[in-house]
Structure formats: C-alpha cells, structure tokens
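Asks: Structure in structure tokens, see below.
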Amino acid sequence: MLAANGVLTPEVLIIGGGPGGYVAAIRAGQLGLDTVLVDGDRLGGTCLIRGCIPSKALIHVAGLYDEMVKAAGEKGRYGIHLGAAPSLDFAATIGWKNGVVERLSNGVSGLLRKARVNVVSGWAKFSDAKTCHVETVEGVITIRPEHVILATGSRPVELPFLPFGGKVISSTQALELTEVPKRLVVVGAGYIGMELGIAFAKLGAELVIVEAQDRILPLYDTTLTNPVRKWLERHGVVLHLGSKVNGISGDNLNIETALGERLALPADKVLVTVGRKPHTEGWGCEAMALAMDGRFVKVDDRCATATTNVWAIGDLVGEPMLAHKASAQGEMVAEIIAGHKRRFDPAAIPAVCFTEPEIVSVGLDVAGEQHVTGQFPFQANGRALSMDSGDDGGFVRTIADRQSGRILGIQAVGKHISELAGEFTALIEMGATLDDMAGVIHAHPTLGEAAHESALKALGRALHI
C-alpha cells in the first residue's frame, strides 16, 4: 500500500468514521480489500459520538429520574413511596453517558483492527478525485486510492438570525451540558427537538417548543403524534405552533405566533433543531467533479457518483438521513468494489422517534381505497397494561394491499415500541402477507401481540377487540 514516494495507495479510501464509513471499512477489510479509513474525530461519527447513542442514554436517565420524582410524590408510584425527592447530579449523568460513548467508540476501533483496516486520524482534503491529503499530528499524508467512499455525514442547520453560540445551542451542545437548564426553549418540533426536549422536561426543565408548522413531528401523521402531544399537554409543556422566531434579545427569544402576537420567551438555553444538512464543505468536494442533486451528492442505485470509482453514502446522498441507511449502503458499496452484484433498493427503511411515547413507521403510511388497514390498541394488550402504558393512546397499525394481502406499511406508537421496528421491517422486506403475519405465533405477554392482532383486524377476525 505504501508507494516508493511515501504515498499511500490503498484499494479503498473511506472518508468518515461514522456508521456508514466504519461499516464500509469493516466489510471491505473482511473481503480482503486493502483499506484506509480517515476520520478527524473519535470513531463512531455523529450517531455514536453526538447523536443517536448519547441522546438515548440521556433519555434513559430522564425516564428513571421522572419515575423516582413521581414515587416521591404524595401518591407514590405503584405502591412505591420515596421518603424524599431524588437529587440529580447532571454532570455525573453526562459522565456516565460519555462512558457509554467511549466504550462503543473503542469497540469500533477494535472491529476495524480485526478487519485489518488502516485508520488515519486527521482531516482529509481532496485536490482531485483520487488524490487526498490528510493533515495529521505527524504531518500531511497523501493518499491515492483506486476507490473512494465518501461518508462525511451531516451537520446541524444553523439559522442565520439565531447562530449557535452562548445560550443558542445545537443538539451537539445539548448533549454536553453539565446542568439542566431551568428554562429551555426548543426551536423545531422534529424528532431531534422532541426527543431532547421531552428528556430535559423529565429532568426538570420548563419546556417551551416553537414550531413553524401547525403541528409537532410533521413527518408523521397526526394519529401517530397525538399521543405525544397529549403527553406534552399533561406535563405542562407550552407549544407555539405555526410560529416564527425573530431572534434573541437579552434573556428572551422573540417569536411571532400564528395569531400575529409577538412574545418574548424567557430562556436559559435555546435549542435549535430545524434540520441537518450534508457535510459538503472543507474536504474538497468541489475538486472531485461530483454531480450534485440539490444540496446532496448525486448517486445511482449502487451509490456510485458521476466520477469513476468514487462512491458516496449516508447523509451525504439524501433522505432519509438515518444511521442504519448509511450502514446498509456502506456494506453494499464495499461488496460492489469487491466484485459482488448489489444495488440499494430496500422495500422499506424504518424510522423511529424516541419520544414519549415512542413512534415507529415502516413503509407505506397513508392508506387508499386499494388498501386494507388493521389497527389494534395497546389498551387491549396485556403487556402494555402491565407496564402502565395501555392508556396513552398507543396502537399498532398495519396497511396491506387489498387484493393480494401483501403488507406495505406498519406504524405504531407506544412505550418501548422501537424494539418492534425489526419485526415490522422484516415483514415488509420479505414480502409477507396478512395471512403470513396472522399465522405467526407471538409470545405472550408481549407488545408484539398487538402487531399480530392488527393483521387479524385487517382480515376481519381480530380476537381481543
């Protein structure tokens, strides 16, 4: 791999060590390809370091703390009474969260070593499509590979009139706070803002949410989001929907409501979560002669770019901007480079929102006259009731083709429902029908029984409603 002039010449160069890049590297190494992975941060990318994993760790702690606060109340919780309200050392919480991140990042390092991937720590910049210069602590390394896989990920969108800094924070800074803000305003009611906002509300923050559209979680239908909105209402969260932000003055965030009223919202922190954008700056994208599709790098169904032997995956190439999509694409591209015939054409990519309660959506989410729908409430599910989550409005909904019975979409909202995302996706990916789903014996008592019953309901023979 090392040429006579000191230049590295691997078969595969991967830029970015997130869930797309490191999976591509591991698979390439397994296939015997001489592989170099370049990353300027800790291995794991946004998902592991400052996104999916740390946020779920925080959500877990928030749930435990919230239950203890309720148990310390006058009525207690399930017969449990705490003699005093729990105290929270949030710096220690963040320390535990960081430990989880460190453990997983070290695990990624070990997997890359096992796959014989050469990891270069530093910042990459291309001078042309096949020449990459990496700034490391030891100096600049030049790499000229046969194939390049771009997995640079995405960045939080910054509002021009609300730049990050001071009390205005992104999701990255929110996960690095060492104390819970007393007054938190979240700008943007998408899944990132809702997940973190609800977690901080459970930890004791006074939460206000400002959203430009007329409802929360606008990518999901209102049937799925209504249980989340009801949770917000029960817990005193203030919603300003159809509102726009005008900027900050002093300790206040200035907004204009849907009715034209101008309000100054007191805020210790303002968490801006209005979306993410592909990371296309600073690494020489413009020098690689890449075709673009709007703000994304344009690729075909093999994740090949317009430049020969340059591939792009994950958030860089379009929606959905999800870690598991990036991983699947990274694995596929490594196999294509190794000579396998592959293309990216999944029947469905699951989307999960870790709110209270959780939301899962896989495949088709809007039924037409050509479809049949079966919906089963968790109110009639023994496991949900035994977890005190049967009355929060949760359900499983299955959508199928009316003629063939083939399952085209499954949605659900409820406590711990994210754990059923794999079953939902497998049913759709394998081309299962309602009869197939109805014929699968589900363990009792489990939440999965609601999925079984939703298929029975679509077939007109539900047993428990």
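The values are calculated or read from the model by the stated rules, or taken from the named source; none is laboratory data. Computed from a predicted structure; not experimentally measured. Note: ideal-geometry Cβ built from the backbone for every residue, glycine included; neighbour counts use all protein chains shown. Heavy atoms of the whole protein, side chains included, go into the accessibility calculation; ligands, DNA and RNA do not. Shrake-Rupley method; radii C 1.70, N 1.55, O 1.52, S 1.80 Å.
Asks: What's the magnitude of the charge dipole for the chain around its Cα centre, counting Lys and Arg as +1 and Asp and Glu as -1 at the beta-carbon? Answer in Debye, nearest 20.
Replies: 300
Asks: Here is a further query. Using the structure shown, list the pairs from Lys167/Lys415; Lys70/Lys230; Lys97/Lys244; Lys182/Lys415; Lys269/Lys415; Lys56/Lys325 with a Cα-Cα distance above 23 Å, or answer none.
Replies: Correct reply: Lys167/Lys415; Lys97/Lys244; Lys182/Lys415; Lys269/Lys415.
Asks: Output the peptides 451-460, 85-94 sorted from most to least packed, where packing is the average of other Cβ atoms within 10 Å over each peptide's residues.
Replies: So the order, starting with the most tightly packed, is 451-460, 85-94.
Asks: Accessible area per residue for the chain in Å², computed with a 1.4 Å probe and the full protein assembly in place, what is it?
Replies: Numbers: 21150 Å² over 465 residues.
In whole numbers, the chain has 45 Å² accessible per residue.
Asks: Let me ask you something else. Loop-only check: which trypsin sites (Lys or Arg not before Pro) in segment 29-133 are DSSP coil with at most 15 other Cβ within 10 angstrom?
Replies: Lys75, Arg116
Asks: In Å³ and rounded to a whole number, note down the convex hull volume per residue for the Cα atoms of segment 97-160.
Replies: 166
Asks: Next question, about the same structure. To the nearest µm²/s, what D does Stokes-Einstein give for segment 290-445 at 20 °C and 1.002 mPa s, using the Kirkwood radius over alpha carbon pairs as Rh?
Replies: So the translational diffusion coefficient is about 122 µm²/s.
Asks: Stokes-Einstein at 10 °C, 1.306 mPa s, Kirkwood radius from Cα pairs: D for the chain in µm² s⁻¹?
Replies: Using the Kirkwood radius from Cα pairs, D works out to 66 µm²/s.
Asks: Out of all Cα-Cα pairs in segment 134-232, roughly what percent, to the nearest whole number, are more than 23 Å apart?
Replies: Tail of P(r) above 23 Å: 45 percent of Cα pairs.
Asks: Can you give the local net charge around Ala84? Use residues other than it whose beta-carbon is closer than 14 angstrom to its beta-carbon, Lys and Arg +1, Asp and Glu -1.
Replies: 0
Asks: Which of the peptides 360-367, 394-401 is most tightly packed, and how do the rest follow, judged by the mean count of other Cβ atoms within 10 Å per residue?
Replies: Most protected by this proxy first, the peptides run 394-401, 360-367.
Asks: Still on this structure, I have one more. Placing +1 at every Lys and Arg Cβ and -1 at every Asp and Glu Cβ, with all other atoms neutral, what dipole size does segment 161-289 have around its Cα centre, in debye to the nearest 20? Before the final figure, lay out each step's value.
Replies: Working: 13 positive and 14 negative charges, 53 e Å.
In total the dipole reaches around 260 debye.
Asks: Something else about it: Expressed as a rounded percentage, what relative contact order does the chain have, with Cα pairs under 8 Å and six or more residues apart?
Replies: 14 percent.
Asks: Starting from the exponent 0.38 and prefactor 2.2 Å, build the expected Rg for segment 229-313 from its residue count and divide its actual Cα Rg by it.
Replies: Working it through for segment 229-313, the quotient is 1.76.
Asks: Then there is this: Give the angle, between 0 and 90 degrees and rounded to the nearest 10, that separates the Cα long axis of helix 323-337 from the longest principal axis of the Cα atoms of the chain.
Replies: Compared with the principal axis, the helix lies near 30 degrees.
Asks: For segment 14-107, what is Rg from Cα atoms divided by 2.2 N^0.38 Å, rounded to two decimals?
Replies: 1.59
Asks: Sorted by accessible area with a 1.4 angstrom probe, largest first, how do Ser170, Ser121 fall?
Replies: Descending accessible area places them as Ser121, Ser170.
Asks: Can you find, among Gly29, Gly44, Ile14, the residue sitting farthest towards the positive end of the charge dipole of segment 3-62, where Lys and Arg contribute +1 and Asp and Glu -1 at Cβ?
Replies: After comparing all options, I get Gly44.
Asks: Here's another thing I want to ask about it. On a C-alpha basis, how far is the centre of segment 1-61 from the centre of segment 283-360 in Å? Whole number, if you could?
Replies: One Cα centre to the other: 15 Å.
Asks: Right, something else. For segment 238-303, which trypsin sites (Lys or Arg not before Pro) pass both filters: DSSP loop (anything but H, G, I, E, B) and at most 11 other C-beta atoms within 10 Å? Write out the running numbers ahead of the final one.
Replies: Details: sites: Lys244, Arg262, Lys269, Arg276, Arg295, Lys298, Arg302; in loops: Arg295, Lys298, Arg302.
Those that pass, being in a loop and sparsely packed, are Arg295.
Asks: With a 1.4 Å probe and all protein chains left in place, how much of the accessible area of segment 317-441 comes from carbon and sulfur atoms, in whole percent?
Replies: On segment 317-441, the fraction of accessible area on carbon and sulfur atoms equals 49 percent.
Asks: Let me ask something additional. How large are Rg and Dmax for segment 1-68 when only the alpha carbon atoms are used, in Å?
Replies: Final numbers for Rg and Dmax: 17.8, 64 Å.
Asks: What do you get for the angle between helix 21-30 and the principal long axis of the chain? Use alpha-carbon atoms, 0 to 90 degrees, nearest ten.
Replies: 60
Asks: Let a ≥ b ≥ c be the square roots of the eigenvalues of the Cα gyration tensor of segment 399-465; is it rounded (a/c under 1.5), or, if not, prolate (a/b larger than b/c) or oblate?
Replies: The shape class here is oblate.
Asks: When we measure straight from the Cα of Lys125, which lysines land under 21 angstrom away, once same-chain ones fewer than 8 places off are left out?
Replies: Lys125 reaches Lys277, Lys298.
Asks: Let me ask something else. Report the percentage of all Cα-Cα pairs in segment 43-180 whose separation exceeds 18 Å, rounded to a whole percent.
Replies: When every Cα pair of segment 43-180 is considered, 71 percent fall beyond 18 Å.
Asks: Between the helical axis of 191-202 and the dominant principal axis of the chain, each derived from Cα atoms, what acute angle in degrees is found, rounded to the nearest 10?
Replies: 50
Asks: Let me ask another. Sum up the charges of everything whose Cβ sits under 13 Å from the Cβ of Leu385, counting Lys and Arg as +1 and Asp and Glu as -1, but leave Leu385 out.
Replies: Around Leu385, the charge tally is -2.
Asks: At what distance in angstrom do the alpha carbon centres of segment 417-465 and segment 223-274 lie from each other?
Replies: Spelled out, the Cα-based centre of one part sits 38 Å from the other.
Asks: Next up: Could you work out the relative contact order of segment 155-217? I mean the mean sequence separation of Cα pairs under 8 Å and 6+ apart, divided by the number of residues, in percent.
Replies: That works out to 31 percent.
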